[in-house]
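In what follows, a single structure is set out as structure tokens and then discussed.
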Amino acid sequence: MYNYRLKTLTPIHIGNGNKLSNNFDYIIKGTQINVISFDRYISSLSENEISKLESYIETLEKGNSIFDLIRKPTYEEIKYSVILNTQTPNPKVREIAEHIKTVLNEKGEYGAYIPGSTVKGFIRLAIFYKILKENANLVNCNEKEKIKKTEENIFSVELQKQTLKLMTYFKVADSEPISTKNLEVRNVIITNNKISEFAEVIKKDTEIKISIEDKEFQEKLSKLNLKSKYLETIKNWKRACYEFSKSIIEYEKEFFKKKGLVKLHNFYKDLEDKNSPKSPLLRIGKYKGKISQTLVLLYETNKEKYGCLFEDKKGKSDKNINPLPKTRRITDAEDSLPLGWVKLEELN
């Protein structure tokens, strides 16, 4: 079923939109965070304890925990536990961005996973980036919604008076679910800044299997005998991922060199060696940074031609404004890693 593997080279966070609150979602014991099943906890409270809940609402708004006000959860009321990995002494963990999960069984056990749409999104962007980089003439700054229309034209062809969306044949399933033992909580900070956010992440060096229907994709596109000048680039999607990641890594390496952040500069030097056309690196999830999720690196290759891609909504562009990001997010731990890097490897 699974024909590829994702190996996490740095922590990965893919949020489900929820934030765990220290009011009633978890308790911290040393460096261990116990995430509580609030439903189980409430259902086991006595009538007297339940009657106290309403009177505690005001107190909870001040940052106190319901577990301190009523009683501590039992072992059976704990959903799972993760380690808090941060160098910050005595951190005030008020909220934790939750990583996406699925329910594994009737016991209510959870498993974390990586959505297929997340992986496919990076692959599609990498293909688009490579095509635009090699064909600057495709950018028409006089058209409204220019970049969206260009993308639609590249990934669509006319076949028997019908519009065929090429990437519909490229299918990426959600990854296998992995144990919550592969999760930890990291403090994500802006480099040289105190602003931070706590988030559940998949640990570095975790291997996760995933299914990508590459062979069927290649066969179907070949059988269609389509006349598209970009078809080979689309079919050779691994090469596109390799080149896109290569561009990101080169830029990040120089960025941290200029900032004098030697450890991060050396990290990206090592990352270069891990990227290859057959087993490319991808950057996925939240906190991956602007250049990993947009076409902003094109601006570096030709500021005059690609500058219009980064105009504001009214079509105005300030030539003195550089759209390239000036800040980066890393984990506040001993390794001080950026987030989102995975290596894609085909299984034998």
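Quick note: the coordinates plus some simple rules give every number you see, no bench work behind them. Everything quoted here is computed from the prediction, not taken from an experiment. Here Cβ is always computed from backbone atoms with ideal geometry, including for glycine, and neighbour counts include all displayed protein chains.
Of the strands (runs of 3 or more DSSP E) entirely within the stretch 1-44, those holding at least 2 residues that are crowded, with 21+ Cβ neighbours inside 10 Å and in contact (Cβ under 8 Å) with a residue 40 or more places away in the chain occupy 4-8, 32-36.
Can you find even one residue in the stretch 310-325 that is surrounded by fewer than 21 Cβ atoms within 10 Å (Cβ to Cβ), within 18 Å of the chain's Cα centre (by Cα) and over 19 Å from Val201 (Cα atoms)? Within the stretch 310-325, one or more residues are surrounded by fewer than 21 Cβ atoms within 10 Å (Cβ to Cβ), within 18 Å of the chain's Cα centre (by Cα) and over 19 Å from Val201 (Cα atoms). For the stretch 86-105, a residue qualifies if it is of a type outside the set (A, V, I, L, M, F, W, C), surrounded by fewer than 19 Cβ atoms within 10 Å (Cβ to Cβ) and within 19 Å of Lys181 (Cα to Cα), and the qualifying residues are Thr102, Asn105.
Can you confirm whether the stretch 71-85 contains a residue that is free of Cβ contacts under 8 Å to residues at least 12 places away in the same chain and closer than 30 Å to Gly340 by Cα? There is no residue in the stretch 71-85 that is free of Cβ contacts under 8 Å to residues at least 12 places away in the same chain and closer than 30 Å to Gly340 by Cα.
Scanning the stretch 152-188 for residues that are farther than 23 Å from Thr118 by Cβ and among the β-branched types (Val, Ile, Thr) gives Val157, Thr163.
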